[in-house]
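Data block below; observations after.
The values are calculated or read from the model by the stated rules, or taken from the named source; none is laboratory data. Bear in mind that the values here come from a model prediction, so they are computed numbers and not experimental data. Cβ sites come from the backbone with ideal geometry, for glycine too, and all protein chains shown count toward neighbours. Protein only, heavy atoms only, side chains kept; ligands, DNA and RNA dropped before computing areas. Shrake-Rupley method; radii C 1.70, N 1.55, O 1.52, S 1.80 Å.
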Amino acid sequence: MSKHQLDYLDELEAEAIYILREVAGQFERPALLFSGGKDSITLVRLAEKAFRPGKFPFPLVHIDTGHNFVETIEYRDAMVKRLGEKLIIGHVQDSIDQGKVVEQKGEKKKKKKKKN
């Protein structure tokens, strides 16, 4: 393979970087959702490659469901501090408490009677 040929992963990375830059250039208020999982971490890394040494042209947004591992929140906070980027955190419980969202309860399943 010559130096000028990109392998498949390089092509995917270049396309993802292109898309991030296009979104930043075409939309007024883009944001990057960040859950703390492997996919989100990968997107943040791509954003670094797309926009460094400058700042991201969008904030990171984390929707806190209240069901996160402590390590996930710690990693998120450390990563945001290291990057020096803006983080917006929305809490599902706040929306429930304000009546904006109704927490759905799962249906109780009826026990089937055993046939004798």
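Within the stretch 53-67, track down each residue that is open to solvent by 80 Å² or more (accessible area, probe 1.4 Å) and more than 28 Å from S95 (Cα to Cα).
Those that are open to solvent by 80 Å² or more (accessible area, probe 1.4 Å) and more than 28 Å from S95 (Cα to Cα): P53, K55.
Does any residue in the stretch 82-103 that is within 20 Å of R45 (Cβ to Cβ) come within less than 6 Å, Cβ to Cβ, of a residue that is surrounded by fewer than 11 Cβ atoms within 10 Å (Cβ to Cβ) and not aromatic (F, W, Y) six or more places away or on a different chain, and which pairs are these?
Filtered contacts from the stretch 82-103: no entries.
Under 8 Å between Cβ atoms, at least 6 apart or on separate chains: pull out the pairs that start in the stretch 23-34 with a residue that is open to solvent by 100 Å² or more (accessible area, probe 1.4 Å) and end on any residue that is part of a loop (DSSP other than H, G, I, E, B) and not hydroxyl-bearing (S, T, Y).
R29/F58
Need the failing condition index for G66 against (1) part of a helix (DSSP H, G or I); (2) out of contact with any Gly (no Cβ under 6 Å at 6 or more places or on another chain); (3) closer than 30 Å to I96 by Cβ, just the number.
It fails just one condition, (1).
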